[in-house]
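The values are calculated or read from the model by the stated rules, or taken from the named source; none is laboratory data. As the structure is a computational prediction, the values presented were derived from the model and not from experiment. We place every Cβ from the backbone using ideal geometry, glycine too, and count neighbours over all the protein chains shown. Accessible surface is based on the protein model in full, side chains and every heavy atom, while ligands, DNA and RNA are left aside. Shrake-Rupley method; radii C 1.70, N 1.55, O 1.52, S 1.80 Å.
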Amino acid sequence: MEIKIDSNIPVPPIYRKGKWEDLVQEMKTGDSFIVNNDNEYRSVYNAAKKNGCRVCTRVINGVRRVWKIS
């Protein structure tokens, strides 16, 4: 078995943007949406933080809602 060795092939970055980062970038300050659980909220919070945004959450009538506040 012969293996061909390639040179000068750059290693691609590991980081890839997720659905929550896309959502946070699309949102305007004051926009909100519903999350289903704490794990989704943590993911949204981390995505917002990576993008220099802030979010807050409140539970209203048993439903957790997330707002983009900056």
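From the list Val35, Val24, which one is open to solvent by less than 50 Å² (accessible area, probe 1.4 Å) and touching a Ser or Thr at 6+ places or on another chain (Cβ under 9 Å)? Walk me through it before giving the result.
Details: Val24 fails: touching a Ser or Thr at 6+ places or on another chain (Cβ under 9 Å).
The conditions single out Val35.
How about the stretch 17-41: which of its residues are of a type in the set (Lys, Arg) and modelled with pLDDT of 95 or more?
If we filter the stretch 17-41 for residues that are of a type in the set (Lys, Arg), which is where we start, we get 17, 19, 28.
The one that is of a type in the set (Lys, Arg) and modelled with pLDDT of 95 or more: Lys28.
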Go through (1) without any contact (Cβ under 8 Å) to a residue 24 or more places away in the chain; (2) surrounded by 10 or more Cβ atoms within 10 Å (Cβ to Cβ) and name the single condition Ala47 misses. (1)
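Within the stretch 2-16, is even one residue of a type in the set (D, E, K, R) and either surrounded by 13 or more Cβ atoms within 10 Å (Cβ to Cβ) or part of a strand (DSSP E or B) (or both)? Before you say what the answer is, go through the steps one by one.
Step one: filter the stretch 2-16 for residues of a type in the set (D, E, K, R), giving 2, 4, 6, 16.
Cutting the leftovers down to either surrounded by 13 or more Cβ atoms within 10 Å (Cβ to Cβ) or part of a strand (DSSP E or B) (or both) gives us none.
Within the stretch 2-16, not a single residue is of a type in the set (D, E, K, R) and either surrounded by 13 or more Cβ atoms within 10 Å (Cβ to Cβ) or part of a strand (DSSP E or B) (or both).
Just checking, which of Arg65, Arg58 is at pLDDT 95 or above, touching a strand residue (DSSP E or B) at 6+ places or on another chain (Cβ under 8 Å), assigned to a strand (DSSP E or B) and open to solvent by 100 Å² or more (accessible area, probe 1.4 Å)?
Working: Arg65 fails: open to solvent by 100 Å² or more (accessible area, probe 1.4 Å).
When all the criteria are applied, what remains is Arg58.
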May I ask you to list the residues in the stretch 28-53 that are assigned to a loop (DSSP other than H, G, I, E, B) and under 12 Å from the mean Cα position of the chain (by Cα)? Asn51, Gly52, Cys53
So the check is Cβ under 7 Å with 6+ separation or different chains; which pairs have a first residue in the stretch 13-40 that's closer than 18 Å to Ile69 by Cα and a second one that's part of a loop (DSSP other than H, G, I, E, B)? Glu21/Asn51; Val24/Asn51; Val24/Cys53; Gln25/Asn51; Thr29/Ile69; Thr29/Ser70
